[in-house]
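Inspection log for the structure reproduced underneath, given as structure tokens.
What follows is calculated from the coordinates using simple rules that are stated; it is not laboratory data. Every value quoted in this text rests on a predicted model; they were computed, and no experiment measured them. We place every Cβ from the backbone using ideal geometry, glycine too, and count neighbours over all the protein chains shown.
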Amino acid sequence: SREVHLQSRPQGIPKENNFVLTEATLPNVGKGEFLVRNEWFSVDPYMRGRMREGESYVEPFELNQPMEGGCLGKVESSNNPDFQEGDYVLGNQGWRECWISDGEGVMKIDSSAAPPQAYLSVLGMTGMTAYVGLTQVGNLQDGERVFVSAASGAVGSIVCQIAKAKGCFVIGSAGSTGKIAWLKENAGVDKAFNYHETNNISQEIAELSPDGIDLYFDNVGGDHLQGAIDNMNDRGRIVCCGMISTYNEQDPEPGPNNLFKIIGKRIRMEGFIVRDHMDLKDEFVKAMQSWIQSDQIVWKETITEGLENAPQAFINLLSGEKLGKALVKV
Ligand code: NDP
């Protein structure tokens, strides 16, 4: 079975030669175990954090071991009565063709409700991150003014549409003209701007939302965060989901330069990790299925074909060369 290993820790922007494709011989399928052949896996920004040594909220990847991450595959053979041949299952053994499991942490999915890979994006952790961040951490209220960064991305695009479904005024930022067009035409956001075309994000937000913003969903950090703080209304909330503008930095740049405004405006800023909120999973799935059925939420995937092209898919994810959820079709 082929698998992708991390062979060296990236310095700055990851390169293809930080990864290597290898062939592994899998052991026999033991008692209570089953063999899964992956069809899909996702590449995600948090994986950049796992490529460094040192403390974070997830363990670093080990060098010369298969990479990990959300994946979806079909059970090929099984000695476990709970998992039958042909079942679609979600696991965390991405970046490889096949894996063996005893069922721990593996979930069967119903592939009749949506295309199976939707469980790696809109109906999976990605959609749930958007849902939990907005409704629990951000306590979003109907009709508020919401700003979303990395708005055309996997999480951001769902955040924008949940907020629209709740009657909010939504502004998004993203990194290309095509992404801005998609946000306005497909995701239904009210205003959007390309942050590469401005050197003053704060002013851009002020022009697009003269009445300020009540909730900022931060995927980016840095000058996006400062621009949001400048434009927050009193008692506004900042949901800290990610800070991708810092992920490739060796020594992080100084952050926002006017945090004092947090005091005057009584802003609440809170970070969260989606996996702490798994108790909301059923509520999330129900809400998301209903938004999908009523066409209030659409989603987009950028698919890279071939396990061997996964490192490039990951590099493209970080540089923004994709729309919506970045997936690899094995
Ligand atoms: P995305 O699909 O949004 O992909 C990342 C995008 O970020 C890129 O495509 C790029 O798009 C944008 N980007 C990259 N560098 C910069 C930069 N310097 N400034 C502004 N934008 C940049 O990924 P996800 O939706 O999976 O994740 C979005 C964020 O949410 C990440 O920060 C991630 O770490 C975080 N996250 C947090 C979770 C949690 O539990 N807290 C769970 C899941 C994700 P563009 O062309 O627009 O620049």
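Tabulated data for the structure shown
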{"read-out": "Size descriptor, Kirkwood hydrodynamic radius, that averages inverse alpha-carbon separations across segment 125-275, Å", "value": "15.0"}
{"read-out": "From phi via Karplus (6.51, -1.76, 1.60), per-residue ³J(HN,Hα) for segment 35-42 in Hz, x at Gly/Pro", "value": "10, 10, 9, 5, 10, 9, 8, 9"}
{"read-out": "Residues 307, 21, 215 arranged by fewest to most Cβ contacts within 10 Å", "value": "21, 307, 215"}
{"read-out": "With Cα atoms, 0 to 90° folded angle of helix 222-231 axis to the chain main axis", "value": "40"}
{"read-out": "For segment 208-253 versus segment 101-136, the gap between their alpha-carbon centres in whole angstrom", "value": "27"}
{"read-out": "Long-range HN-HN contacts of residue 325 with modeled amide H, under 5 Å", "value": "300, 301, 302"}
{"read-out": "Prolate/oblate/rounded label for segment 177-219 (Cα gyration tensor, a/c 1.5)", "value": "oblate"}
{"read-out": "Which of 61, 147, 260 has the fewest Cβ neighbours within 10 Å, and the rest in rising order", "value": "260, 61, 147"}
{"read-out": "For the chain, fraction of C-alpha pairs farther apart than 25 Å, in %", "value": "52"}
{"read-out": "Long-range lysine pairs (8 or more apart or interchain), segment 125-275, Cα under 20 Å", "value": "6"}
{"read-out": "Length-normalised contact order for the chain - Cα pairs under 8 Å, 6+ apart - percent", "value": "18"}
{"read-out": "Full-extension gain in nm, residue 74 to residue 112, via 0.36 nm per residue minus C-alpha separation", "value": "12.3 nm"}
{"read-out": "Separation of the residue 39 and residue 24 label points, Cα + 7 Å toward Cβ, nm", "value": "2.3"}
{"read-out": "Among 58, 122, 89, residue whose mean-square fluctuation peaks in a GNM of the chain (springs only between Cα atoms under 10 Å)", "value": "58"}
{"read-out": "Peptides ranked, highest mean first, by Cβ atoms within 10 Å: ranges 22-30, 265-273", "value": "265-273, 22-30"}
{"read-out": "Charge context of residue 11, other residues only, Cβ under 11 angstrom, K/R +1, D/E -1", "value": "+2"}
{"read-out": "Sorted by Cβ density within 10 Å, fewest first, the residues 304, 246, 129", "value": "246, 304, 129"}
{"read-out": "Spatial separation of Cα centroids for segment 295-323 and segment 265-293, in angstrom", "value": "23"}
{"read-out": "Aspartates and glutamates whose Cα lies under 15 Å from that of residue 74, excluding same-chain neighbours fewer than 8 positions away", "value": "33, 39, 82, 85, 87, 97, 102, 110"}
{"read-out": "Angle between the chain longest axis and helix 154-165 axis [Cα atoms, degrees, rounded to 10]", "value": "50"}
{"read-out": "Degrees between helix 281-293 axis and first principal axis of the chain (Cα, 0 to 90, nearest 10)", "value": "70"}
{"read-out": "Of all DSSP beta bridges in the chain, antiparallel share, percent nearest 5", "value": "50"}
{"read-out": "Average Cα contact separation per residue, segment 125-275, under 8 Å, 6 or more apart, as relative contact order %", "value": "23"}
{"read-out": "Segment 139-151 - phi-based ³J(HN,Hα) in whole Hz, Karplus 6.51/-1.76/1.60, Gly and Pro as x", "value": "6, 4, 10, 3, x, 6, 9, 10, 10, 10, 9, 6, 6"}
{"read-out": "In order through segment 185-197: 3J(HN,Hα) via Karplus (6.51 cos²θ - 1.76 cosθ + 1.60), integer Hz, x for Gly, Pro", "value": "7, 9, 8, x, 6, 6, 9, 8, 9, 8, 5, 6, 9"}
